[in-house]
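Okay, so here's the structure we're looking at.
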Amino acid sequence: MYKFAWQNLSRRKGQSSLTILITLLTVMVFVMIFAFYTNFQQGVVLSQERLGADILVLPNEASTDAYTTLYTAEPNNIYMPVEVLDSIKKVEGVALASPQLFIQTLNASCCAVDSETRIVAFDMDTDFVLQPWFDEANLDSLVDDQIIIGCNVPAYLGNRVGILGDVFRIVGTMSPTGTGMDETYFMNMDVAKRLAATNENLKEVLPNIDPQAVYSAILIKVQDGYNVADVVANIEKADMNVTIVATDEVVTNMKTQMSMIGQVMILLWMLLLVVTALALIGRFTALAQVRKKETGILRAIGGQKTDVFKLILFEACFLAGIGGLLGSILGICAVSPLIDWLQQAFTFSILALNPGLIAKSLLLGTCMAILLGGLAALYPACKSARLDPQEVIMRGEID
Amino acid sequence: MINVTANRDVIKFNHPLCELKNVVKTYKSGEIICPVDGVSLRCEAGDFISIEGPSGIGKSTLLYLVGGLLQADSGEILVDATNLQSISEHDLTILRATKIGFIFQETNLFQALTVGENLAFPLKIINKYTKTKLGKADINQKVEAYLEKLGIGDRRDFLPHQLSVGQRRRLVVARALIKEPLLVLADEPTNDLDDFWASEVIKLLQPVPARGGALMMVTHNMLWAERANCRYTMSHGILAPK
């Protein structure tokens, strides 16, 4: 009976293709939403894990935005006095505090990075955010002409790159974090201060800034046994005129916002699913109707009711399964450009699709399509199985 | 349960192959129509029965009743000593698959199957119900033989819509005969055929009684009706010997 079903499908290409197309489109949309949303959620969790800092202290300036600082690599030239670091180290509950200085690359430099991107300078002595990566890469420290790049920076290990008139050697690429770190250049604090003090073009971008006297951010690790919120409160009490952000709060806010967008997307997809289910029910009912006489003949020459039922159900599930598989593949192919496009429009960073998520999306999309096809064909299959063979042979398609 | 036998080279029966006892069938279509009104008939192995009569008089209905495709309102229909009214739907289907070959008035074929696949289909269905199953090679051999007999051996891989009306008609006849059923019910089997191919179809049907089966044929064609050993006419629901 399964061979008969296959012959029915393969030789009725027009009808089969239409059914496949309907399922394909729905599953494609589903997989795109699923892959994007799941990937985003995973990325946010990973960001939190890899960020390493519990609290981010930023200058209390109008342009300060923790969100932009964490999730984009746009130049973010905000500064606070170096004395803030000493004050923070004295706050109860602070285990580690490491300063960072933000400078930036400039446009149109010959033989150099050709866009404006943030450069993060870190203090090798106190850093705990990049240190785990240094340990993994077996590097002790960065010498003056060395830089590390985020995983999405378009340069390769061993490359040399011109930044603000100096040539640097890329000695490492960071693991993906899902944050703005993925598009950032990292260099030694002393080198960054020297560049900021001597590069005339950068001085124009950063007027009235003494690089020796400022930091852009201080990353804090809370002591074991201390609550992050309590340490934030302690820093606030010290009245240092800074913006204090618990990184998990930023992550949670972002998750909440995306969750709402996700809910809207899922609602729209559910509506699409209902429309598709109705379309498939209509198609399978019409197909069963057109083949009424054949159903009658099948029953007359010895096919059982269950054979008719299985035949229609198998055909429906098979077509939907093909549509589901193709839709899943197309959905996966389309989700990467979608992510790129959304990243340009919004300030967030997402990891590249991982094989596990791709496999999960393919499996889920295909299974969902088979289930949808089976449910949509249930009524026409039952109806066809109950047909009186004599009636349909004599009366044909007339109901 | 139906006693299913796949190979019936030698058939000996101590009961009629088919027996109708005072069978009544009515339809309610606005008014009550009674196309079969107390019909009794006994059909032995080796019988070739023709049923004649004007169109719309109930001849096809009678065949559908014997073939188990319609339920009688009253009376008894026995096929190979099995009372069709007393068996389950499932067993009735098995009986149709294994013991009855039906040639319908219209050339209903599976449109997605080739000529060869359409012919092989009843054999594959029988395989579902028998212990001694026909192998692929046996099925192919039978299909080839029938296609040659019908003169459409070169059309094995054609789809039904690629055949002429006459070729389709011959295919429908072959589909009923290929499983060598005990009882062949033929509803105007020479419809749409020219004299030559009609004669060829009758030649295919005639061995059915000869091998110990029975043939019940509805026809308007006197020439073919005369080949039958028992001739009946039907009028106003009554079946009468001619």
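Annotations
- Those residues of region B:7-53 which are at pLDDT below 85 and in a loop (DSSP other than H, G, I, E, B), in sequence order: B:Asn7, B:Arg8, B:Asp9, B:Val10, B:Ile11, B:Lys12, B:Phe13, B:Asn14, B:His15, B:Pro16, B:Gly30
- Residue count for region A:242-275 satisfying the condition of being in a helix (DSSP H, G or I) and under 22 Å from A:Ala53 (Cβ atoms): 12.
- Qualifying residues in region B:166-225 (those that are in contact (Cβ under 8 Å) with a residue 12 or more places away in the chain and hydroxyl-bearing (Ser, Thr, Tyr)) - the one surrounded by the most Cβ atoms within 10 Å (Cβ to Cβ): B:Thr190
- Cβ separations smaller than 6 Å between residues 6+ apart or across chains give the following pairs from region B:118-139 residues that are closer than 16 Å to B:Ala176 by Cβ and at the interface with chain A (Cβ under 8 Å from one of its Cβ atoms) to residues that are assigned to a loop (DSSP other than H, G, I, E, B) and of a type in the set (D, E, K, R): B:Pro122/B:Lys179; B:Ile126/B:Lys179.
- Lone unmet requirement of (1) away from every other protein chain (no Cβ under 14 Å); (2) farther than 30 Å from B:Val165 by Cβ; (3) crowded, with 16+ Cβ neighbours inside 10 Å for B:Leu84: (1)
- Residue match in region A:271-289 (condition: under 16 Å from A:Glu391 (Cα atoms) and touching a strand residue (DSSP E or B) at 6+ places or on another chain (Cβ under 7 Å)): no
- Checking A:Thr252, A:Thr247, A:Thr256 one by one, the residue that is modelled with pLDDT under 85, buried (at least 16 other Cβ atoms within 10 Å of the Cβ), within 26 Å of the chain's Cα centre (by Cα) and not hydrophobic (A, V, I, L, M, F, W, C) is A:Thr247 and no other.
- With respect to the conditions (1) in a loop (DSSP other than H, G, I, E, B); (2) at pLDDT below 85, A:Gly172 lacks only one, and its number is (1).
- Residue match in region B:89-109 (condition: within 28 Å of A:Gln15 (Cβ to Cβ), of a type in the set (Asp, Glu) and either within 10 Å of another protein chain (Cβ to nearest Cβ) or touching a strand residue (DSSP E or B) at 6+ places or on another chain (Cβ under 6 Å) (or both)): yes
The values are calculated or read from the model by the stated rules, or taken from the named source; none is laboratory data. This is a predicted model, so every value here is computed, not measured. Glycine gets a Cβ as well: all are built from the backbone with ideal geometry, and neighbour counts include every protein chain shown.
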